[in-house]
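Below you'll find the structure, written out as structure tokens, and then a few comments.
The values are calculated or read from the model by the stated rules, or taken from the named source; none is laboratory data. Keep in mind that what you see is a predicted model, and the values were worked out from it rather than measured. A quick note on method: Cβ atoms are made from the backbone with ideal geometry, for glycine too, and the neighbour counts reach across all protein chains shown. Each accessible area value is taken on the protein alone, full model and side chains, heavy atoms only, with ligands, DNA and RNA left out. Shrake-Rupley method; radii C 1.70, N 1.55, O 1.52, S 1.80 Å.
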Amino acid sequence: MKRTLISNIGMLATPTGTSARRGEEQGRITVLRDAWVLIEDGVIAGVGTGAADASLVRGAERIDAHGQLVTPGLVDAHTHLIFGGWRQNELGLKLHGASYLEIQNAGGGIQSTTNATRGATEEALAAKAEKALDEMLRFGTTTCEAKSGYGLATEHELKALRVIRDLDQRHPIDLVATFMGAHLVPAEYRQNRSEYVRLVCEEMMPLVREQGIAQFCDVFCEADTFTVEESRRILEAGLKYGLRPKIHADEIEAIGGSTLAGELGAISAEHLIVCPPEGIASLAKGGVIACLLPATSFNLGAAFAPARAMIAAGVPVAMATDFNPGSCPCLNMQFVINLGCLKYRLTPEEVLTAVTLNGAAAIDRADRVGSVEVGKLGDLVIWDAPDLDYICYRVGSNLARSVIKKGRIV
Ligand code: NIG
Ligand code: FE
């Protein structure tokens, strides 16, 4: 048995439990001083304070936290990890006033990344995503959701999901796959939208199910992409194939995506930048986790989602990067932490829950990760920081000193 003891922890900060925390509970975390964590065969076997019992310590590899902060490994519950090319050319267009939807409608945006993704081999997509995962790991991410959605054709959507499955097997970060064939109606179906929706539901989904390569189904419910009715049809079809619904809702225009999320009991709704009060009420009623993406608001120069109103309404808030080549070329969860405090006005404790346990719950992994508790995976970050406030307040540095995945420094 491989045993690792992390000792000399100045502050251990963690939410607790195996489900999302909402309302005031989101800000109630456990803080231990002078703590230690014992990991056996990759799983947390003990947590305590003061000197660890000699019998626990015997034979264990020791990791000294040097009196610093330790938290659970970060969970990035929303990324578009698999794509060809980048879109730095859109920066100039944006600076000259073009909006996200204008760039998209002019053939840029998701369609241009789709063209690049279709042209890329599985090996090339994997190598590119692996480089991104290496960087995410260095910033403290130990579990990550990844969506398809730049293939927009059966062959290429399945290709992206296979890349995710293979990377999950060979990279230290655990990956959770989401099928997002409904990211955009691709150019060749623009005149025949319903045929594309049919293709997603009747051709792609059965194959995704048969190959067992995704757990969730996501749709970009937005003006000029998928209507509420199309989104409902797609997510209901997903349910039939065992894919739990997620939905990009209220990112640019509030067309009813958050209300739909509540009605369907989606596991999470994403973005929610312009989520109206009735949308928040629907999320609360449906038990939907709000997966907020503040680095996207930052990159789009958009407003920030009404996170405080969501917490007040009892909606659990998670936060993630939304890493993608267009609206958010950022894979750093530490920047998300900064924005959570400064732009959403969440407390450091609420933010910690958002980027660990609630993120884990948004991808149905809260039984395994998201907190430092006996029985969960030994996924932790030792920070170059004395306390939780410090990582929320410092901006622009990488403060992750050691990232530990299943008990090993990675
Ligand atoms: O979550 N909004 C839809 N999808 C991504 C953006 C994709 C892109 O611009 O390539 C998002 O922001
Ligand atoms: Fe997204």
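Observations on the structure shown:
- Placing +1 on the Cβ of every Lys and Arg and -1 on the Cβ of every Asp and Glu, with no other charges, gives the chain a dipole of roughly 620 debye about its Cα centre.
- Normalised per residue, the accessible area of segment 86-146 is 48 Å², obtained with a 1.4 Å probe and no contribution from ligands, DNA or RNA.
- Cβ charges +1 (Lys, Arg) and -1 (Asp, Glu), total dipole of segment 1-88, debye: 160
- Electrostatic dipole magnitude of segment 101-187 [Cβ: Lys, Arg +1; Asp, Glu -1; Cα centre; debye, to 20]: 60
- The alpha carbon radius of gyration of the chain, expressed as a multiple of 2.2 N^0.38 Å, is 0.96.
- Filter on Lys285/Lys376; Lys159/Lys405; Lys246/Lys376; Lys2/Lys406; Lys159/Lys240; Lys147/Lys246 - keep pairs with C-alpha separation over 20 Å: Lys285/Lys376; Lys159/Lys405; Lys246/Lys376; Lys159/Lys240
- Packing order of peptides 100-113, 55-68, highest average first: 100-113, 55-68 (average count of other Cβ atoms within 10 Å over each peptide's residues).
- Atom-type composition of the exposed protein surface of segment 236-309 places 56 percent of the accessible area on carbon and sulfur (1.4 angstrom probe).
- C-alpha long axis of helix 154-170 to longest principal axis of the chain, angle in °: 10
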